[in-house]
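**Student:** Questions regarding the structure given below will be posed in turn.
The values are calculated or read from the model by the stated rules, or taken from the named source; none is laboratory data. Quick caveat, the model's predicted, so the values are computed rather than measured. Methodologically, a virtual Cβ is constructed for each residue, glycine included, from the backbone with ideal geometry; neighbour enumeration extends over all protein chains shown. Ligands, DNA and RNA are excluded from the accessible area calculation, which covers all protein heavy atoms including side chains. Shrake-Rupley method; radii C 1.70, N 1.55, O 1.52, S 1.80 Å.
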Amino acid sequence: MMNKNTKLKGYLVNTVALAVLLMAFLILNANFKTPFYSVVFIPSLWQISYLIILAASLNLVLGFLGQLSLGHCGFMAIGAYTAALLSLYFERAGIFTDKKAPVFIVSILVSLLAGGLLAAIVGIIVGIPALRLKGDYLAIITLGFGMIICNVINNLPFAGMEGLSKGSAAASLYKTGLGFGNTLKTKYAWVAIVITILCLAAMFMFIRSRFGRAIESIRDDEIAASASGINVSLYKVGTFVYSAFFAGIAGGLFACCNSSLSTASFAFTNGSILNSTFIVVMVVVGGMGSLTGSMLSAVLMFLLNYVIKNVIKASGMPLFVQNLFKYPMLVYAIVLIIVIMFKPKGILGTREFSLVNTIEYIKGKLGKKAVKEGGSK
Amino acid sequence: MERTPVLKTVNLGITFGGLRAVEDFNIEIYEGELVGLIGPNGAGKTTVFNLLTGVYTPTEGKFYLSGKNMNGKKTHQVVAEGIARTFQNIRLFKQMTVLENVKVALNSKYEYKFFASLFRTPKFWRKEEELDKEARDLLSIFNLENKANYIASNLPYGQQRKLEIARALATGMKILLLDEPAAGMNPTETAELLECIKIIRERFGIAILLIEHDMSLVMNVCERIQVINFGKTIAFGLPHEIANNQEVIEAYLGKNED
Amino acid sequence: MSGSLQTLSDFLQCLIVGLRLGSVYALVALGYTMVYGIIRLINFAHGDFIMVGGYTLFFTIPAMLAVNDKLPIWLAVIVAIAVCALVGVTVELVAYRPVRKKGTNMTALITAIAMSLFLENLAQAIPAIGPNYKIMRRMFSNKAVLNFLNISLDWTTLLTILIGASVMIGLQLFVKKTKLGRAMRAVSEDKQASVLVGINVNRTIIITFAIGSGLAAVAALMYFAQYSTIMTTSGTMLGLKAFVAAVLGGIGIIPGAMLGGLVIGLVESFTTGYISSSLADAFVFLILIIVLIIKPAGILGKNVGEKV
Ligand SMILES: Nc1ncnc2c1ncn2[C@@H]1O[C@H](COP(=O)(O)OP(=O)(O)OP(=O)(O)O)[C@@H](O)[C@H]1O
Ligand SMILES: [Mg+2]
């Protein structure tokens, strides 16, 4: 049924669609210069980019491998600090002096990649002992890891309080290297988009291969998986590391959009949108085991956050409603409870949105033919 | 000339806490043989399978596959060497499709590197295509090929059992351990199962060790039978010998004076 | 005073602080362990029950003193126990039970995290509580009971250790000797079999939740008697470390929780005293990781593999 040719056709359709969208975006980006665009839309785009990568990468572990990790932000923190420090180093070493030069963008890309790699290396160190444990134990260990990472970073002279958080390095973060202002964010918006696409493509290639089947089998039944010849611990650690790599990249993007870094941003829970539990919320809402679901829910949760932050305040609603929304995490907690109790599979479950199937579906509708519904499995 | 048995155990045993679930288990199975392992509930049959597949580590004894010692190997290593099994309580990959269930077990046979999948190299496509073909072939033995895209947990019970056997076959084993494959099946399904076992033996020529409570099935298909009770072997021999063995009858029916 | 005596008294001081911390952790760990033993779920919200208990004390103590300044503090503690037990039972009935019926382990765990988030942030949204910290009224006298060789033992510490010890002994007796306690043990061993021998499983689970959550109120008393600031996230870290204690000792095992609590308390106190306070939390987790690698079921736990 599904042979190589139909799959290749699918890749082609997706690539063309993405290329068209990207071109359209670039044209828009060059000509569209309202304040809303550069002050609201573009920064949101950056935020959504790393949220999507975060949610999708956690989904590899949570939805496909079936292990609850509560320390995903720890890897993000590693990526963020590594990227920031490296780009700072590049700038101080005089590798780039001008933010328009191509060498600047190359050094930014190198910094992001380095952040991902270091996160992956830490992922190996954490994953090997941690993944011997299951379920609740793994959750607690990863949570502890997330905290220890922040603890360690805080105690590093060049990264913690005297470094990127509040010290001398932080001040220059904005002027140099990472920490894009709105102009740079607009200029380099394509970087965020392309990186997001590449990361997601790499995750899709992973799950739609023998590796993806192997980890899904571990999720469904570990004992049966090993009785089918799957090296369970190897695949577990491998997936954990792969996921950590992308969290590191997302951390680098995060560092790109912020003028300074503080480990408080990467805590287990905190008042802001970004923390390890929030990523879990995104994955659950989108559907554990659906990368497109994670993308969708990252966008939705971002919008929800945006509405809570900006619209409710300005809406002139009764004070007590406004007060309720002053603490967005309360809203997310309620969203999470409702989803898990009434729709535990999330929006998409384990299905993936597929452009080809959707086109087929629409064609079928138009041609009044009965074609099976979209979503390839 | 001596033939090496496909599977040989020497005084294999395991103790859980104080309970000696299996002790002094000795068996030799040769290529192409179908041997039955029977015994009352809780006798230790499934535990033997768990020992042979590295799920439990034996506390005593050794076991060999084609002369090679298997003690201390992890489950996936034992499987790679050639011992495949099914489970008493069906353990399918419930959220995956029927086809994917089989493909998982073919994972190490059609190997390609991570980068091949990342860049979708020709090797990736070739391997995936071969893999797809073999998986469908295996399904067709069990008449499951037209259900390839069903979610495994949506299959009727009898077909789930068959799918589990198909998955075990996909690992490319020398010996297949079947744990009560006919449990919960109706007579037609059991008859179909017998047919499948026959086809498997013809096509793959492998050895099979079968746990089964259905006596008529065991007596029909097995060439030799080994009986255990409270972890100890109480009899072994040809089916008609077992059927008339006093100790076996007592084990199943209870002693008369009790 | 000579150097070696100073070393000795430093050591003893750390020991006393460790015992005090350990008693609090042990009591919280008991709550985790009892619930885990019976429904195999980490009740992530348990740490927040402590916060609920803390705020109940925060509001009831002054209220009671306003009515009659002779009213003893333990009356407020009873109110706090009742409130915590109520919250615990409600969480079980409204969230955990429905999810347990139809969901997987993973969804149950996520529900527990969601409940924790919910309680924390709901508390923040209550105007009388809000996001900022509040100062608790002093509950025990901070006069020293004993002052010897530079070691001081104050009433708070002494009472904390005493209350902790007596609650633990009481609980152990309850579980071992009473019918209800035996029912609890039976349900945690084997639910189906308990039904067969006529135990009302659901009722037993509810009672376990009530007792476990009630213990959180006692822990709140002991904790906030020492650290008088309270905020909505006060329970989070305490809960986490107590959970670590429960796992360390062997989750589901009551003496394990006590042992684990003491170990964590001592580790924390000695790391703070001899190495660095900012690394104490990291050490706690490090020890957990090491123990779990060597003995995955915890110090007192028995390693039972999954039956296949
Ligand atoms: N992991 C384990 N821990 C403790 N005891 C175990 C374990 N696995 C099996 N046992 C015990 O070993 C004995 C043998 O069990 P086993 O499952 O092998 O029996 P069986 O012969 O397969 O029975 P049945 O016909 O009911 O399947 C039983 O008493 C069982 O309780
Ligand atoms: Mg059995």
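**Student:** Does region B:66-75 contain any residue that is within 14 Å of ligand 1 (Cβ to nearest atom), touching a strand residue (DSSP E or B) at 6+ places or on another chain (Cβ under 7 Å) and more than 14 Å from chain A (Cβ to nearest Cβ)?
**Tutor:** Going through region B:66-75, the residues within 14 Å of ligand 1 (Cβ to nearest atom) turn out to be none.
Looking for residues that are within 14 Å of ligand 1 (Cβ to nearest atom), touching a strand residue (DSSP E or B) at 6+ places or on another chain (Cβ under 7 Å) and more than 14 Å from chain A (Cβ to nearest Cβ), one finds none in region B:66-75, hence no.
**Student:** Could you check, for region A:49-58, whether at least one of its residues is touching a helix residue (DSSP H, G or I) at 6+ places or on another chain (Cβ under 9 Å), within 14 Å of chain C (Cβ to nearest Cβ) and part of a helix (DSSP H, G or I)?
**Tutor:** Quick first cut of region A:49-58, residues touching a helix residue (DSSP H, G or I) at 6+ places or on another chain (Cβ under 9 Å) only: A:49-58.
Checking the rest, the ones that are also within 14 Å of chain C (Cβ to nearest Cβ) come to A:58.
Those left that are additionally part of a helix (DSSP H, G or I): A:58.
Within region A:49-58, one or more residues are touching a helix residue (DSSP H, G or I) at 6+ places or on another chain (Cβ under 9 Å), within 14 Å of chain C (Cβ to nearest Cβ) and part of a helix (DSSP H, G or I).
**Student:** Select from region B:210-226 the residues that are of a type in the set (A, V, I, L, M, F, W, C) and over 17 Å from the mean Cα position of the chain (by Cα) and write down the one among them that is farthest from residue B:21 (Cα to Cα). Give the derivation first.
**Tutor:** The initial filter retains those residues of region B:210-226 that are of a type in the set (A, V, I, L, M, F, W, C), namely B:210-211, B:215, B:217-219, B:221-222, B:225.
In the following step, the residues that additionally are over 17 Å from the mean Cα position of the chain (by Cα) were identified as B:215, B:219.
Details: B:215: 23, B:219: 25 Å.
Applying the filter and picking the extreme gives B:219.
**Student:** Now a separate question. Would you point out the residue of region A:59-84, among those that are out of contact with any Gly (no Cβ under 8 Å at 6 or more places or on another chain) and in a helix (DSSP H, G or I), that is nearest to the other protein chains (Cβ to nearest Cβ)?
**Tutor:** A:62
**Student:** Here's a follow-up. Could you check region B:130-175 and list, in sequence order, the residues that are among the hydroxyl-bearing types (Ser, Thr, Tyr), within 13 Å of another protein chain (Cβ to nearest Cβ) and either surrounded by 17 or more Cβ atoms within 10 Å (Cβ to Cβ) or part of a helix (DSSP H, G or I) (or both)?
**Tutor:** Within region B:130-175, B:153, B:171 qualify.
**Student:** Enumerate the pairs (first residue in region B:57-82 and over 20 Å from residue A:234 (Cβ atoms); second residue anywhere and part of a helix (DSSP H, G or I)) with beta-carbon separation below 6 Å, excluding pairs fewer than 6 apart on the same chain, so at least 6 apart or on different chains.
**Tutor:** Cβ pairs passing all conditions: B:58/B:51; B:65/B:81.
**Student:** Of the residues in region B:183-199, how many are within 13 Å of ligand 1 (Cβ to nearest atom), within 15 Å of the chain's Cα centre (by Cα) and either of a type outside the set (A, V, I, L, M) or open to solvent by less than 20 Å² (accessible area, probe 1.4 Å) (or both)?
**Tutor:** To start, the set of residues in region B:183-199 that are within 13 Å of ligand 1 (Cβ to nearest atom) comprises B:183-184.
Then drop every residue that is not within 15 Å of the chain's Cα centre (by Cα), which leaves B:183.
Checking the rest, the ones that are also either of a type outside the set (A, V, I, L, M) or open to solvent by less than 20 Å² (accessible area, probe 1.4 Å) (or both) come to none.
The number of residues fulfilling the criteria is 0.
**Student:** Right, here's the next one. Given the residues B:35, B:55, B:79, which is the only one that is of a type in the set (Val, Ile, Thr) and within 16 Å of ligand 2 (Cβ to nearest atom)?
**Tutor:** On the way: B:35 fails: within 16 Å of ligand 2 (Cβ to nearest atom); B:79 fails: within 16 Å of ligand 2 (Cβ to nearest atom).
Checking each option against the conditions leaves just B:55.
**Student:** Let me spell it out: the conditions are (1) under 19 Å from residue C:31 (Cβ atoms); (2) out of contact with any helix residue (DSSP H, G or I) (no Cβ under 9 Å at 6 or more places or on another chain), and residue C:209 meets all of them except one. Which number is the exception?
**Tutor:** Tallying (1) under 19 Å from residue C:31 (Cβ atoms); (2) out of contact with any helix residue (DSSP H, G or I) (no Cβ under 9 Å at 6 or more places or on another chain), residue C:209 fails exactly one: (2).
**Student:** Which of the residues that make up region B:6-29 are under 28 Å from residue B:172 (Cα atoms), away from ligand 2 (no atom under 16 Å from the Cβ) and open to solvent by less than 50 Å² (accessible area, probe 1.4 Å)?
**Tutor:** Result: B:6, B:7, B:9, B:12, B:13, B:27, B:29.
**Student:** Please go through region B:79-91 and give me each residue that is more than 16 Å from ligand 1 (Cβ to nearest atom) and in contact with a strand residue (DSSP E or B) (Cβ under 8 Å, 6 or more places away or on another chain), ordered by number.
**Tutor:** Start the filter on region B:79-91 by keeping residues that are more than 16 Å from ligand 1 (Cβ to nearest atom), which leaves B:79-84.
Of everything in region B:79-91, those that are more than 16 Å from ligand 1 (Cβ to nearest atom) and in contact with a strand residue (DSSP E or B) (Cβ under 8 Å, 6 or more places away or on another chain) turn out to be B:81, B:82, B:83, B:84.
**Student:** While we're looking at this one, here's another question. Examine region A:230-238 for a residue that is more than 7 Å from every other protein chain (Cβ to nearest Cβ) and open to solvent by less than 10 Å² (accessible area, probe 1.4 Å), and state whether such a residue exists.
**Tutor:** Yes, region A:230-238 contains a residue that is more than 7 Å from every other protein chain (Cβ to nearest Cβ) and open to solvent by less than 10 Å² (accessible area, probe 1.4 Å).
**Student:** Residue C:198 fails exactly one of the following numbered conditions: (1) farther than 19 Å from residue C:76 by Cα; (2) free of Cβ contacts under 8 Å to residues at least 40 places away in the same chain; (3) open to solvent by 40 Å² or more (accessible area, probe 1.4 Å); (4) in a helix (DSSP H, G or I). What is the number of that condition?
**Tutor:** Every listed condition holds for residue C:198 apart from (4).
**Student:** Spot the failing condition for residue A:297; the list is (1) farther than 27 Å from residue A:153 by Cα; (2) modelled with pLDDT under 75; (3) hydroxyl-bearing (Ser, Thr, Tyr), and only one is missed.
**Tutor:** Here residue A:297 clears every test but (2).
**Student:** Out of all the residues in region B:8-24, is one or more within 14 Å of another protein chain (Cβ to nearest Cβ), free of Cβ contacts under 8 Å to residues at least 60 places away in the same chain and more than 13 Å from ligand 1 (Cβ to nearest atom)?
**Tutor:** No, region B:8-24 contains no residue that is within 14 Å of another protein chain (Cβ to nearest Cβ), free of Cβ contacts under 8 Å to residues at least 60 places away in the same chain and more than 13 Å from ligand 1 (Cβ to nearest atom).
**Student:** Take the residues of region B:97-125 that are at the interface with chain A (Cβ under 9 Å from one of its Cβ atoms) and among the basic types (Lys, Arg): which is nearest to residue B:147 (Cα to Cα)?
**Tutor:** Per the criteria, the residue is B:103.
**Student:** I've got another one for you. Could you tell me whether residue B:127 is modelled with pLDDT of 95 or more, away from ligand 1 (no atom under 16 Å from the Cβ) and open to solvent by 10 Å² or more (accessible area, probe 1.4 Å)? Step through it out loud before you land on a result.
**Tutor:** On the way: modelled with pLDDT of 95 or more: no; away from ligand 1 (no atom under 16 Å from the Cβ): yes; open to solvent by 10 Å² or more (accessible area, probe 1.4 Å): yes.
So residue B:127 does not fit the description; no.
**Student:** Answer yes if at least one residue in region C:106-128 is more than 13 Å from every other protein chain (Cβ to nearest Cβ), in contact (Cβ under 8 Å) with a residue 12 or more places away in the chain and out of contact with any strand residue (DSSP E or B) (no Cβ under 7 Å at 6 or more places or on another chain), and no otherwise.
**Tutor:** Keep residues of region C:106-128 that are more than 13 Å from every other protein chain (Cβ to nearest Cβ), which gives none.
No, because not a single residue in region C:106-128 is more than 13 Å from every other protein chain (Cβ to nearest Cβ), in contact (Cβ under 8 Å) with a residue 12 or more places away in the chain and out of contact with any strand residue (DSSP E or B) (no Cβ under 7 Å at 6 or more places or on another chain).
**Student:** Tell me yes or no: at least one residue of region C:16-24 is over 18 Å from the mean Cα position of the chain (by Cα) and farther than 21 Å from residue C:113 by Cα. Spell out how you get there, then give the answer.
**Tutor:** Let us first name the residues in region C:16-24 that are over 18 Å from the mean Cα position of the chain (by Cα), namely C:16.
If we keep only those that are farther than 21 Å from residue C:113 by Cα as well, we get C:16.
The answer is yes, given that some residue of region C:16-24 is over 18 Å from the mean Cα position of the chain (by Cα) and farther than 21 Å from residue C:113 by Cα.
**Student:** What number of residues within region A:144-183 are at pLDDT 80 or above and aliphatic (A, V, I, L, M)?
**Tutor:** So the answer is 5.
**Student:** Quick check on my filter: what residues within region C:131-152 are open to solvent by less than 40 Å² (accessible area, probe 1.4 Å) and modelled with pLDDT of 80 or more? Before you say what the answer is, go through the steps one by one.
**Tutor:** Within region C:131-152, the subset open to solvent by less than 40 Å² (accessible area, probe 1.4 Å) is C:136, C:139-140, C:151.
Answer for region C:131-152, where residues must be open to solvent by less than 40 Å² (accessible area, probe 1.4 Å) and modelled with pLDDT of 80 or more: just C:136.
**Student:** Related question: Take the residues in region A:130-154 that are among the hydrophobic types (A, V, I, L, M, F, W, C) and not in a helix (DSSP H, G or I); name whichever of them is surrounded by the most Cβ atoms within 10 Å (Cβ to Cβ). Please lay out each step first, then the result.
**Tutor:** Residues of region A:130-154 among the hydrophobic types (A, V, I, L, M, F, W, C): A:130-131, A:133, A:138-141, A:143, A:145, A:147-150, A:152-153.
Now drop any that are not not in a helix (DSSP H, G or I), which leaves A:131, A:133.
On the way: A:131: 24, A:133: 19.
The residue in question is A:131.
**Student:** Also, I was wondering about something else. Give region A:313-357 a look and list any residue that's more than 10 Å from every other protein chain (Cβ to nearest Cβ) and within 25 Å of the chain's Cα centre (by Cα), or say none.
**Tutor:** Scanning region A:313-357 gives A:343, A:346, A:347, A:348, A:351, A:352, A:353, A:354, A:355, A:356.
**Student:** Before we move on, is residue B:57 surrounded by 14 or more Cβ atoms within 10 Å (Cβ to Cβ) and within 16 Å of ligand 1 (Cβ to nearest atom)? Explain how you work it out, then say what you get.
**Tutor:** Details: surrounded by 14 or more Cβ atoms within 10 Å (Cβ to Cβ): no; within 16 Å of ligand 1 (Cβ to nearest atom): yes.
Against the criterion (surrounded by 14 or more Cβ atoms within 10 Å (Cβ to Cβ) and within 16 Å of ligand 1 (Cβ to nearest atom)), residue B:57 does not qualify.
**Student:** Picking from B:9, B:46, B:59, B:75, which residue would you name as being touching a helix residue (DSSP H, G or I) at 6+ places or on another chain (Cβ under 6 Å) and of a type in the set (Ser, Thr, Tyr)? Break it down into steps so the answer makes sense when it comes.
**Tutor:** Working: B:9 fails: touching a helix residue (DSSP H, G or I) at 6+ places or on another chain (Cβ under 6 Å); B:46 fails: touching a helix residue (DSSP H, G or I) at 6+ places or on another chain (Cβ under 6 Å); B:59 fails: touching a helix residue (DSSP H, G or I) at 6+ places or on another chain (Cβ under 6 Å).
Just a single option satisfies the conditions, and that option is B:75.
**Student:** Given the condition at pLDDT below 90, more than 30 Å from residue A:155 (Cβ to Cβ), open to solvent by less than 50 Å² (accessible area, probe 1.4 Å) and not in a loop (DSSP other than H, G, I, E, B), answer yes or no: does some residue in region C:243-257 qualify?
**Tutor:** Yes, region C:243-257 has at least one match.
**Student:** Considering only residues that are open to solvent by less than 10 Å² (accessible area, probe 1.4 Å) and part of a strand (DSSP E or B), look in region B:210-225 and name the one that is nearest to ligand 2 (Cβ to nearest atom).
**Tutor:** Result: B:211.
**Student:** Taking only region C:182-195 into account, find how many residues are buried (at least 19 other Cβ atoms within 10 Å of the Cβ) and not hydroxyl-bearing (Ser, Thr, Tyr). Let's see the steps before the verdict.
**Tutor:** Taking region C:182-195 first, the residues buried (at least 19 other Cβ atoms within 10 Å of the Cβ) are C:183-184, C:187-188, C:194.
From what's left, not hydroxyl-bearing (Ser, Thr, Tyr): C:183-184, C:187.
Number satisfying all stated conditions: 3.
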